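The values are calculated or read from the model by the stated rules, or taken from the named source; none is laboratory data. As the structure is a prediction and not an experimental result, all values here were calculated from the model. No Cβ is skipped: glycine too gets one built from the backbone with ideal geometry, and neighbour counts run over all protein chains shown.
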Amino acid sequence: MKKLMRLKLVNWHYFINETLTFEGNTLITGENGAGKSTILDAMLYVLTAGKQQFNSAANDKTKRDLIGYVRCKTGHDANQYLRNGDITSHIALEFLDEKKNAYFIIGVVIDSSSDLSTPKTLFYRIENTRFDDNLFFEDSKHPREINNFKAKIKEYDYKILETLSKARSDFLHRFGQLNERFTLLLQKALAFRPINNVKDFVYDYLLEKKEVEIEYLKQNINTLKEFEIHLDKVKHQLNDLTKIDETYQEYLQLENNIQMQEYIIRHALVDQNQEKINSKNNELSKTIIDIENTNQSLSSLKQKMEDQQKYLNDLRISLINNDTFKLVQDLENKIRDLELQLENLEMRRSKLVEKLKHSFGIITQLLEDKINITNLSTYYDYKDKKITKDNITTFRLVTNTLAQEIKNYRNSLSEKKGTLKNKIEIVRTNLQEVRNEIAELNKKRLIYPSYVTNLHREISNQLSKHYGKDLEPKIFCELIDIKDDLWRNAIEGYLNTQRFNLFVEPEYFDFALEVYERVKFALNIHTVGLVNTKQLEEYQDINADSLAYMISTEHYYARLYANMLLNKVIRCDKVEDLQKYNVAITPTCMVYQNKTARQIKKDIYEQPFIGKEAYKVQLQKKEQEEQLLLKELDDLMTQLNQIEKVYSLCDNIDLNYVYENCDLFITIEEYKDRKRDYEQKLKDIDRSSYLDLQFKISKTENELRQLQNDKEDIEGIRNDLNVNKRIIMDNINSLQNEYLNLTDNLRNTALKLSHLLQQAKKRYQNSLERYKNDYQKIIEIYSSQKKGLETQLEKKLGELKELQWTYNRKYDFSAETGILGMDTYYREAKILRESKVVEYEEKIRDAKRKAEEQFKDEFISKLQEYIYTAQREFTKLNEALSGIRFGNDEYRFKWYISKTKQKFYEMIMDRSNIGGNTLFSETYQNQHREALEELFSRISISDDESQKALEEYTDYRSYMDYDIQIIHSNNNTSSYNKVGREKSGGETQTPFYVAIAASFIQLYHSNSYDDSIGLILFDEAFDKMDDNRIESMMTFFNRLNLNLQIILAAPPQKVETISPYVKTTLMVYHDDNASYVELFQHDKL
């Protein structure tokens, strides 16, 4: 056994340097606040390597922490910590390894810096040594801090543990290869909780949670299920492929029916075509006969026309030789010529009248507009006058003169129009520039000359590019402001273009100057300056009477530059004071310099640039300028519109046409007079001498015209017959060509039918009989039927493709859909049927065998083993409790088969499944089939909710219910689960301590019991128990085993009862700002 011998506390709360000695079971007692829990917290801090909650039994809502223990937190507002500055604490536990007869020390060094940051810790273990103050102190007063301790510990057989987890693992191993449950039990033992639920208590204190490794089992079950899923998938695939095949066969049947229909239709088309050829040949023979008859009629008619034409010619010769006829013919020809000429002249006169009307309308508007053209009124006077031989010469002269005047005036208007347009374009350009400047000013950006903005942009771009960061030059006027507006004009005017000078930081001046030099000619940059900020340091002083004093700025170099420029310029309120100074200026901008007074030009200072408000003045001026430009533009547009109007009028008047055609009025009257004269002469002639000849000629001409009409009619008929003949012959040729194509198509269709050809021929013969050789009807009926079948075929193909597409998507298959892909699907079905199904059926048999073996060997057997072990633990615990009365009662821990898991418990604990080389026996499987299947199912589920249920089913403790049986003095019994809440504090504490002791025994027993640590720590032990129960409890502890070392803390009232049962009693005292421990002597029982 590894016994705790001593405890060292240095600067641990109120303990300054205290060594506690333990011999066997130990009682630590003292008044409240003396430090009992503080000692246990120190021990627990080391034993668990920092994994605990301080003072949990003394105060369930404790706020103690490590820094509070090291610095000794007082809880006083005025002085929160007793220890200040850099503090080092030590906690060390000395053990005796009885088996090796050797001592070892485990401990921790804690450094807390004066800044109250999180303390630093160093856990360690030293072998084969005992406590020595030289280990913990540099001298009598100063504990060794971590670095000093690291150097000192090298003199020993030591191990420094760099992390808490490494320290915890090392200590557990040194205590006897204990597990993490040791640290949990230590903490639970210190923090007493009443037993409210026996099952929870058993889980926490008595029965350790043991893992049942089921991952391999789950893998086997999941593998089995995966194979079953795969097989099921393969079967579904085969089923889907069968559907594809069935649909394909239906498609082929429809295709055969369509081909038979196609054969019947094509056969009917061939026969129908032959019938049409025969009909057209008969029609051609009839047409040829009609053409021959027509030619005979036409020959007879032509002979008759020749005879009539000869007779007509003889009559015309007789008429021509008549003199009276000749005179009439001449006069009639002259009258017809004049009528044609008058018709043309009238058309020209109508256009002339329109031109005159239009010209008078325009001249009316020109006169109303008071246009200064000399002959406007003269021309206008002819508006209501008739043009005659008497005034036509004057009218033509006026018209010609006015046309030239209007042309000259229009040319002058064109020049004016061009001038106005140029002015308008200039004003619009200026207006746009002003509006752009207004937009910039609204953004509070001043408008600078182009040479300023060009230089500013180039220096900014080149600096940023060269140095890799934004470096923008500053403009002098933007860096300064004017304190008193009275002197604004004076400062603006005196500085003039110096307002635009640019500033860069001294380290960038040389590079900026190089940029200026490179670009000045290319960008036409001049006037604007680049300030050498490196040489301004000497201008620190400001003359209060100078213009410089009126400048305010936060920019260092702008301040110096303003001093340099304006410190010498003295402000004078009166002009007569100017000559008192070398350089001076008045508010009205009269400047005195070089013994000369001059007024600064108003344009220089009228537009301000200095100060935050300068943009407002510029904005106001630009807005005024915008209004002036708008007014100017409006005036120019009004002038242009007026000129455009007059120009358009002048351009639209056509006086040249009037000038050239105004004599039409005279010419038309002359032609009318001549026509009337000819008509009178014709009227006076006697025509009786040739009227008979004219009558015969007229009659013969009519007869001849009728014969010509008859000839044309017959020729038309003959032409129609010839056209019809050609059409018929073309039709026959076309039908014969079509016949060849139709027979070829029929032959190809017959070849496709192969074995169905005889059936198709038979069906065709039946259709001829049925429809009485009506080929068109056969074609229409079977075409309609074929169309319906083709619709069904297309639909069936769609169904086939849908099935194939669904198969491809469902099974990640990449075959082509449609008829062309069917071979791929047939191959797939063969592979699945002949290999995959067989493969997965074999894998399922193998996986099922492995899963069942794992289920029996790793799950059922483990649970059975753990349950048997737990039941034996209860038996041992009850044996230790047998005969011990706590007050008037005895206690027994009871277990029962869980009501909710009875079927599972019976299955797990049924030993008939053990032994032999077979899996579960048939009897066993039949008896527990429901439980087996349910467990199998639950084990294989992986979602979060099912995982919680799975943890319950793999926890052997869940297959039992628990209770504490209370045996009273009259041998009656009661259940703690039923009456626990009614029990007093002492009655609820007894089972707690019994169970804690049993838990530690179980923990230590699971390892090498005689070679492990045997520590159990209790704080505020038995505080609600009466003396009889305490004595019974201590008797119980002493009966359990000699290899336990119980260290408990209790108030002084319990010393008389507990002390006789322990070997060591330590009394803790607290005096002022310190606590200390003394050995308490008491007679043992």
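Going residue by residue through region 584-592, is there one that turns out to be touching a strand residue (DSSP E or B) at 6+ places or on another chain (Cβ under 7 Å), at pLDDT 95 or above, surrounded by 12 or more Cβ atoms within 10 Å (Cβ to Cβ) and in a loop (DSSP other than H, G, I, E, B)? Yes, the conditions are met somewhere in region 584-592.
Taking into account only those residues within region 528-560 that are among the charged types (D, E, K, R) and not in a helix (DSSP H, G or I), which is farthest from TYR451 (Cα to Cα)?
ASP545
Out of region 565-583, which residues are of a type in the set (D, E, K, R) and surrounded by 14 or more Cβ atoms within 10 Å (Cβ to Cβ)? Result: LYS568, ARG571, ASP577. Listed by position, the strands (runs of 3 or more DSSP E) contained in region 886-1001 that have at least 2 residues being in contact with a Leu (Cβ under 7 Å, 6 or more places away or on another chain), of a type in the set (Phe, Trp, Tyr) and modelled with pLDDT under 70 form an empty set. Of ILE668, ILE685, all but one fail to be of a type in the set (A, V, I, L, M, F, W, C), modelled with pLDDT under 90 and touching an Asp or Glu at 6+ places or on another chain (Cβ under 8 Å); the exception is ILE668.
Here LYS357, LYS370 are screened, and the one residue that is assigned to a helix (DSSP H, G or I), among the basic types (Lys, Arg) and free of Cβ contacts under 8 Å to residues at least 12 places away in the same chain is LYS357. Is at least one residue of region 616-624 farther than 28 Å from GLU554 by Cβ, at pLDDT 90 or above and outside any loop (DSSP other than H, G, I, E, B)? Checking region 616-624: at least one residue is farther than 28 Å from GLU554 by Cβ, at pLDDT 90 or above and outside any loop (DSSP other than H, G, I, E, B).
Here's the yes/no breakdown for (1) in a helix (DSSP H, G or I); (2) loosely packed, with under 13 Cβ neighbours inside 10 Å; (3) out of contact with any helix residue (DSSP H, G or I) (no Cβ under 8 Å at 6 or more places or on another chain); (4) not assigned by TED's automatic domain parsing to the domain that holds ASP510:
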position	(1), (2), (3), (4)
THR393	yes, yes, yes, yes
ILE406	yes, no, no, yes
TYR409	yes, no, no, yes
GLN432	yes, yes, yes, yes
ARG457	yes, no, yes, no
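Filtered by the rule that a residue be on the phi < 0 side of the Ramachandran plot, touching a residue at least 12 places away in the same chain (Cβ under 8 Å) and either charged (D, E, K, R) or not in a helix (DSSP H, G or I) (or both), region 434-455 gives ARG435, GLU437, ARG445, LEU446, ILE447, TYR448, PRO449.
Quick one: which residue in THR749, THR817, THR743 is closer than 30 Å to ILE277 by Cα, surrounded by 14 or more Cβ atoms within 10 Å (Cβ to Cβ) and under 60 Å from the mean Cα position of the chain (by Cα)?
THR749
The lone criterion from (1) farther than 19 Å from VAL270 by Cβ; (2) of a type in the set (Phe, Trp, Tyr); (3) not in a loop (DSSP other than H, G, I, E, B) left unmet by TYR764 is number (1). Taking the conditions exactly as written (over 21 Å from PHE992 (Cα atoms), surrounded by fewer than 17 Cβ atoms within 10 Å (Cβ to Cβ) and at pLDDT 90 or above), does GLU18 satisfy them or not? For GLU18, the condition - over 21 Å from PHE992 (Cα atoms), surrounded by fewer than 17 Cβ atoms within 10 Å (Cβ to Cβ) and at pLDDT 90 or above - is not met.
Scanning region 459-473 finds one or more residues that are closer than 22 Å to ALA562 by Cα and buried (at least 16 other Cβ atoms within 10 Å of the Cβ). Screening region 1-46 for strands (runs of 3 or more DSSP E) wholly inside it with 3 or more residues that are within 25 Å of ASP139 (Cβ to Cβ), of a type outside the set (Asp, Glu) and more than 60 Å from the chain's Cα centre (by Cα) returns the ranges 2-12, 15-21. Within region 789-816, residues that are touching a residue at least 60 places away in the same chain (Cβ under 8 Å) and of a type in the set (S, T, N, Q) reach partners that are crowded, with 16+ Cβ neighbours inside 10 Å and in a helix (DSSP H, G or I) with beta carbons closer than 8 Å, at six or more positions or on different chains, in the pairs GLN792/LEU254; GLN804/ILE244; GLN804/GLY821; GLN804/TYR825; THR806/ASP240. Specify the residue that is farthest from TYR775 (Cα to Cα); the eligible residues are those in region 266-300 that are of a type in the set (Val, Ile, Thr) and surrounded by fewer than 14 Cβ atoms within 10 Å (Cβ to Cβ). Residue satisfying both the conditions and the ranking: ILE289. Residues that are polar (S, T, N, Q) and in a helix (DSSP H, G or I) within region 304-343 comprise GLN308, GLN309, ASN313, SER318, THR324, GLN329, ASN333, GLN341, listed in sequence order.
Is there a residue being touching a Ser or Thr at 6+ places or on another chain (Cβ under 9 Å) and over 17 Å from LYS621 (Cβ atoms) anywhere in region 448-460? The answer is yes, given that some residue of region 448-460 is touching a Ser or Thr at 6+ places or on another chain (Cβ under 9 Å) and over 17 Å from LYS621 (Cβ atoms). Among TYR605, TYR539, TYR556, which is the only one that is of a type in the set (Ser, Thr, Tyr) and in contact with a Phe, Trp or Tyr (Cβ under 8 Å, 6 or more places away or on another chain)? Testing whether each residue is of a type in the set (Ser, Thr, Tyr) and in contact with a Phe, Trp or Tyr (Cβ under 8 Å, 6 or more places away or on another chain) leaves just TYR539.
With respect to the numbered conditions (1) at pLDDT below 80; (2) crowded, with 22+ Cβ neighbours inside 10 Å, which one is the sole condition not fulfilled by LEU1017? Unmet condition: (1).
Would region 653-670 turn up any residue that is among the charged types (D, E, K, R), over 60 Å from the mean Cα position of the chain (by Cα) and not in a helix (DSSP H, G or I)? Checked region 653-670: at least one residue is among the charged types (D, E, K, R), over 60 Å from the mean Cα position of the chain (by Cα) and not in a helix (DSSP H, G or I). Of the candidates LEU881, LEU820, LEU877, the single residue that is among the aliphatic types (A, V, I, L, M) and modelled with pLDDT of 80 or more is LEU820. The residues of region 501-527 that are loosely packed, with under 13 Cβ neighbours inside 10 Å and either in a loop (DSSP other than H, G, I, E, B) or of a type in the set (A, V, I, L, M) (or both), listed by number, are PHE521, ALA522, ASN524, HIS526.
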